Amino acid sequence: MTRQVLTLPGDGIGQEIVAEATKVLDALRADFGLDITLEQGLIGGAAYDARGVPLPEETLEQARASAGILLGAVGGPQYDKLERPLRPERGLLAIRSELGLFGNLRPAILYPQLAESSALKPDVVAGLDIMIVRELTGGIYFGEPRGIRTLENGERQGYNTLVYSESEIERIGRLAFETARKRDKRLCSVDKANVLEVTELWREVMDRLSADYPDVELSHMYVDNAAMQLVRTPKQFDVIVTGNMFGDILSDCAAMLTGSIGMLPSASLDEEGRGMYEPVHGSAPDIAGQDLANPLATILSVAMMLRYSLGEAAHAERVQRAVGRVLDQGLRTPDIHTGDTRRVGTREMGDAVVAALYD
Ligand code: IPM
Ligand code: MG
């Protein structure tokens, strides 16, 4: 059966980078026998402009009919004044939630060719390979009540709610243990159990689960310490599991260890392993439309989609190998450009990856 893949370019550089990733998928279809159909849909500000909402019903229907979804990025300053429910970010949060994409896998891998681009010393990051497993459909991002209210004295007060039920913790915990099992079998659960009751429960559930995974070594770390350890000795980590907001922050931090957030893909999975794939970086409105964006995170997201949702490991490897080749050739978008490498634009980088698929 031919499977459908949905692309959702979104806003800002999302359009350009998804265009490059689509070239890669088209080449795999045309010349390497990848059996998929491609559809495109609307999300974020682009959807608001066309349909008046950041996540139209038709997009959800397309998504539900797809085996894999490739998302660019959402958001832009022109949408910041919109009412909150209409903002692009709400479209992204809503699709994650509507599709039950609770498990966010964010690898931070240092390509040896980019050791110079890291803000840390090469020996601290050489060989870095961390996987952050972030809970994506719960926690303070979705907790109720939330809002901005006016108190009796006339002062305004903003409030959000951090909640996790045992079943939500258990579900992300199992995904993290399973992920660790396929790697170096070390799992570090990150919480703030010294202050927050929610994460006291989080820690308790992780400890209980670890009895089912005796082959995985479980440790716990407070989030502030984890942030410090990530920039001090990042290689001590194999898999990190944490809640929605801590995961948001720590994954940006881990991304920078690898030289550029422009290199990092991610997968957001539901309970059946169906998923949405997106670069970790955002819509970067400041560089949008100028052929400056790095398309590699999105292209590597295609590789993750091929592997996790389409069961096409050989195609995934071909894509990853092609990315390695263009880096070997010394091609660099501005975000990863250093000294004697060759600076290229978004399109040239995409074309080079496509060409390298054939090597
Ligand atoms: C991310 C982004 C999103 C998040 C924003 C755009 C809503 O920062 O995917 O990390 O906070 O989850
Ligand atoms: Mg983020």
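Restricting to segment 143-190, count the residues that are in a strand (DSSP E or B) and of a type in the set (S, T, Y).
At the first step, the residues of segment 143-190 found to be in a strand (DSSP E or B) are 147-150, 156-159, 186-190.
Now narrow it down to the ones that are of a type in the set (S, T, Y): 150, 159, 189.
So the count comes out to 3.
Taking the residues in segment 91-142 that are assigned to a helix (DSSP H, G or I) and among the polar types (S, T, N, Q) as candidates, determine which candidate is farthest from M245 (Cα to Cα).
Residues of segment 91-142 assigned to a helix (DSSP H, G or I): 91-98, 112-117, 122-125, 139-141.
Cutting the leftovers down to among the polar types (S, T, N, Q) gives us 97, 113, 117.
Numbers: S97: 15, Q113: 31, S117: 27 Å.
Step by step, filter segment 91-142, then rank; the result is Q113.
Could you check how many residues of segment 208-257 are within 15 Å of ligand 2 (Cβ to nearest atom) and among the polar types (S, T, N, Q)?
Looking only at that region, the number is 3.
Among the residues of segment 44-85, count how many are aliphatic (A, V, I, L, M) and part of a helix (DSSP H, G or I).
From segment 44-85, those aliphatic (A, V, I, L, M) are 46-47, 50, 53, 55, 60, 63, 65, 67, 69-71, 73-74, 82; that's our starting set.
Then keep just the ones that are part of a helix (DSSP H, G or I); that gives 46-47, 50, 60, 63.
Of the residues in segment 44-85, 5 are aliphatic (A, V, I, L, M) and part of a helix (DSSP H, G or I).
With the requirement that a residue be hydrophobic (A, V, I, L, M, F, W, C) and either touching a Pro at 6+ places or on another chain (Cβ under 9 Å) or surrounded by fewer than 24 Cβ atoms within 10 Å (Cβ to Cβ) (or both), what does segment 264-280 give you?
The initial filter retains those residues of segment 264-280 that are hydrophobic (A, V, I, L, M, F, W, C), namely 264, 267, 269, 276, 280.
If the condition is that a residue be hydrophobic (A, V, I, L, M, F, W, C) and either touching a Pro at 6+ places or on another chain (Cβ under 9 Å) or surrounded by fewer than 24 Cβ atoms within 10 Å (Cβ to Cβ) (or both), then L264, A267, L269, V280 are the ones that fit.
Only residues that are aliphatic (A, V, I, L, M) and buried (at least 24 other Cβ atoms within 10 Å of the Cβ): list them for segment 281-296, please. Please lay out each step first, then the result.
To start, the set of residues in segment 281-296 that are aliphatic (A, V, I, L, M) comprises 284, 287-288, 292-293, 296.
Selection gives A293, L296.
Which residue is surrounded by the most Cβ atoms within 10 Å (Cβ to Cβ), if the candidates are limited to segment 142-177 and must be farther than 21 Å from M206 by Cα and among the hydroxyl-bearing types (S, T, Y)?
Among those that are farther than 21 Å from M206 by Cα and among the hydroxyl-bearing types (S, T, Y), it is T161.
Identify, from the list V326, V354, the residue that is surrounded by 16 or more Cβ atoms within 10 Å (Cβ to Cβ), at pLDDT 95 or above, over 21 Å from the mean Cα position of the chain (by Cα) and within 20 Å of I109 (Cα to Cα). Full working, then the answer.
Numbers: V354 fails: within 20 Å of I109 (Cα to Cα).
Selected residue: V326, the only one of V326, V354 that is surrounded by 16 or more Cβ atoms within 10 Å (Cβ to Cβ), at pLDDT 95 or above, over 21 Å from the mean Cα position of the chain (by Cα) and within 20 Å of I109 (Cα to Cα).
Name the pairs: first residue in segment 269-283 and among the basic types (K, R), second residue in a loop (DSSP other than H, G, I, E, B) and more than 9 Å from ligand 1 (Cβ to nearest atom), Cβ to Cβ under 9 Å, at least 6 apart or on different chains?
Correct list of pairs: R274/S66; R274/A67; R274/L99; R274/G100; R274/L101; R274/S309.
Pairs under 6 Å by beta carbon, first residue touching a residue at least 40 places away in the same chain (Cβ under 8 Å) in segment 242-253, partner of a type in the set (K, R) and near ligand 2 (Cβ under 10 Å from one of its atoms), six or more apart or different chains?
Filtered contacts from segment 242-253: G247/R134; S251/R106.
Please identify the pairs in which a residue from segment 69-84 that is under 28 Å from A21 (Cα atoms) and in the same structural domain as L306 (by TED's automatic domain parsing) has its Cβ atom under 7 Å from the Cβ atom of a residue that is away from ligand 1 (no atom under 14 Å from the Cβ) and hydroxyl-bearing (S, T, Y), counting only partners at least 6 apart or on another chain.
L70/T7; Y79/Y48
Just to be sure, is A46 free of Cβ contacts under 8 Å to residues at least 24 places away in the same chain and either touching a Pro at 6+ places or on another chain (Cβ under 9 Å) or aliphatic (A, V, I, L, M) (or both)?
Considered against the rule, which asks whether it is free of Cβ contacts under 8 Å to residues at least 24 places away in the same chain and either touching a Pro at 6+ places or on another chain (Cβ under 9 Å) or aliphatic (A, V, I, L, M) (or both), A46 comes out as no.
Do you know which residues across segment 4-35 are β-branched (V, I, T), outside any strand (DSSP E or B) and within 17 Å of the chain's Cα centre (by Cα)?
Going residue by residue through segment 4-35, those that are β-branched (V, I, T) are 5, 7, 13, 17-18, 22, 24.
Of the ones still in play, those that are also outside any strand (DSSP E or B) are 13, 17-18, 22, 24.
Passing the criteria: I13, I17, V18.
Does E61 fit the bill of being within 18 Å of the chain's Cα centre (by Cα), farther than 30 Å from M228 by Cα and of a type in the set (D, E, K, R)? Steps first, please.
On the way: within 18 Å of the chain's Cα centre (by Cα): no; farther than 30 Å from M228 by Cα: yes; of a type in the set (D, E, K, R): yes.
Answer is no for this residue.
Condition test on L136, is it touching a residue at least 24 places away in the same chain (Cβ under 8 Å), within 18 Å of L162 (Cα to Cα) and not assigned by TED's automatic domain parsing to the domain that holds A180?
Numbers: touching a residue at least 24 places away in the same chain (Cβ under 8 Å): yes; within 18 Å of L162 (Cα to Cα): yes; not assigned by TED's automatic domain parsing to the domain that holds A180: no.
Taking the combined requirement at face value, the residue does not satisfy it.
The values are calculated or read from the model by the stated rules, or taken from the named source; none is laboratory data. Source: prediction; values computed, not measured. When we count neighbours, we look across all protein chains shown, and the Cβ atoms used for this are built from the backbone with ideal geometry, even at glycine.
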